[in-house]
Structure formats: C-alpha cells, structure tokens
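Please treat every number below as a calculation from the coordinates, not as lab data. Keep in mind it's a predicted model, so treat the numbers as computed, not measured. Virtual Cβ from ideal backbone geometry, glycine too; neighbours counted across all protein chains shown.
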Ligand code: FAD
C-alpha cells in the first residue's frame, strides 16, 4: 500500500506529492489530468518569485518536479469512490478503470471548475477576453471596459475589485435583484464607474476573431436584446468543487467543498485535503501549493503517530 496517496495532480497535489516523497515514504498520485486548471490558463503573473509564466509551462514543471522523486504517477486516472479504513487500517480509492488503490493516508486535491455561461463565443474567446479570476486577470484589463456576469457575493466582490483597476465595469445579473450581501451592494453602488443591470440574460460573447469586443444580453422583462461594447467578460456564476464522488463519505460544506481544519484534516481519519476542493478561502496557485504541502506534512505526522513502532 501507499503511505500517502494523492488524488489530483494540480498545484495542490503536486506540492503534496513532493513533500510526502521527500520524507522517503511510499507516495502515489492519481490524477485525471496532471496539471489541473493551470493547463487552461495562459499568462500567470502572480506566482510569487516568477514574474511571468504560462499555464502549460507551469504544468510541465509541476510534473517534472514530482518526477524528480520516487513517486508513482498515475495520470489519466479518475477516482470514483473513497472507502474509509477497515480493520487493516487501510483506506481504498477506487478508480474508474476498476482498479482499487490502498493507502495508509490520502490527500484529496481534486480542485474545482468554474461554472460556464454556455453561450456562443464564451469558449472561443476564453483567455482572449473571457476570464474567470479577477485576482489573476484583472490587471490585464487596466483602463478597459469589462463586464462581470453574476450578482452574488463573488460577482459583486469581483466588480468592486475590478472597478479599481479597469476603466468601467458593467455588472449583469440574471435575477431581478443582486443576491450579494447588503454591505457589498452598498459599496458597489457607491462606485462611479460601475453600471448594474438586473434581469439580464447574457446570450452571446462577441469578438473580432482575435479578442472580445462586446456582449449581447436579453432584458428578461422587456424581452429585447442589447449590445454592450467592451474588452473583457468576467464570469462569476460559481466555482464547483470536484467532490461529487465524495458525497456521503467525507464532510462537505453546503457548496460542496471538503471541510478541513487548519492542518488539512477532513472528517475521515487519515484523509487530508488541500487546494480549490476545500473550504480554504481564495482559490489561487500559491495558496493551493501551500495547502498541499501542509496536508502532506499532516499526513506524515499522522503516519508517525499511528504506525507501530
Ligand atoms: P486543480 O488545478 O483544479 O487540479 C485538480 C486536479 O485533480 C487535476 O489534476 C484534476 O484532473 C484532478 N481531478 C479532479 N477530479 C478528479 C478525480 N475524481 N480523480 C482523479 N483526479 C481528479 N491562479 C493563480 O494563482 N494565478 C493565475 O493567474 C490563475 N489563472 C487562472 C486562469 C484560469 C483560466 C483558471 C481556470 C484558473 C486560474 N487560476 C489562477 C486558479 C488556479 O489555477 C487554481 O487555484 C489552482 O489550479 C488550484 O489547484 P488545485 O491543485 O487545488 O486544483
């Protein structure tokens, strides 16, 4: 069996694998797609000490760093079930291909995915004006016009954040009112360069073949369509943790995030979690790496305390 089995090969999983392997213990990583969300981004400018890198390059370096150690990397493997330890003290992770991996401890780092609008142009202009992360991509739109789609807490927070960087923000909400906390709404309404449009259903992202030039929304009350000229669209309609397969086994928050304590321990003994799939706030690469390292150290600590002398 593995001493530490990491499920997920993004920044959190890669960090967990390196930290575990450096303890000289038997380490494995099973990942559906090694690299994770980093593979879906281009420009990365907030990976501290590396002023500029690109997603595919960072993903390759994550894998290279893990492979410097004696880690069993199982790429293109999707976990479908976690079974808590029985009498033998071993946890089981079942894979879609029918295999079952046994481990003394498990680090869950299956990340998350942004909910998409599913409208024409969204995919085509992804990273060419369509963005999902204001902390990551906000500065790329300095002085420009952007829209934020979604009037929940994350949308309104994003609009407030972006209003300080970009020229103008149009916030579009599907419902007839914003759902964000009142204090955030008050802050948003006080900003001079923000327009708020409710009952607005975004129906298309427009572009010139290279980059975003605008969007179209339908007024859900009047029924007519309107066009907004802009350079960027931030989609803030939800971040979905990849934890569906853990329902009923590990405690999840109402949003589906794995509930962890400050050491990354979950509700199941010997099972730790890190990164975007957890309740830890702010979903970022450096944060996921720090949390992954922490979870691996906590798993090692657990092994030391539970294994026979
Ligand atoms: P992920 O990167 O999501 O990795 C999850 C891993 O788990 C993947 O390997 C996945 O295949 C695997 N997995 C999922 N389900 C299963 C399963 N059932 N079985 C096995 N494996 C599974 N952050 C920044 O700090 N700076 C940026 O500039 C930046 N830009 C971004 C741009 C875009 C377009 C996106 C989408 C995100 C961006 N982020 C950025 C956020 C950053 O990518 C994430 O915070 C980070 O990747 C989270 O790491 P993670 O390891 O927790 O999860």
Per residue and in Å³, how big is the convex hull formed by the alpha-carbon atoms of the chain? 143 Å³
Shape parameters for the stretch 159-245, alpha-carbon atoms, Rg then Dmax in Å: 14.4, 45
Sort 289, 74 so the one with the fewest other Cβ atoms within 10 Å of its own Cβ comes first. 74, 289
Which FRET efficiency value, to the nearest 0.05, do you get for residue 43 and residue 87 by plugging their Cβ-Cβ distance into 1/(1 + (r/R0)^6) with R0 = 41 Å? 0.20
Computed on Cα atoms, the radius of gyration and Dmax of the stretch 7-109 in angstrom are 14.7, 50
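Return the Rg/Rh ratio of the stretch 178-300 with Cα-based radii and a Kirkwood Rh. All intermediate terms of the calculation are to be shown ahead of the outcome.
Numbers: Rg = 20.2 Å, Rh = 18.0 Å.
That ratio is 1.12, to two decimals.
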Taking the Cβ of each residue in 106, 216 as the centre, tally the other Cβ atoms inside 10 Å and list the residues starting with the fewest. 216, 106
Using the 10 angstrom Cβ neighbour count as an exposure proxy, how do 215, 184, 62 rank, fewest first? 184, 62, 215
Rounded to the nearest 500, the 222 nm mean residue ellipticity computed for the chain from DSSP H runs (n ≥ 4, each -39500 (n - 2.57)) alone is -7000 deg cm²/dmol
Taking Cα centroids, how far is the stretch 127-176 from the stretch 1-56 in Å? 28 Å
log10 I(q)/I(0), Debye, Cα-only the stretch 114-159, no solvent, q = 0.31, 0.32 Å⁻¹? -1.39, -1.40
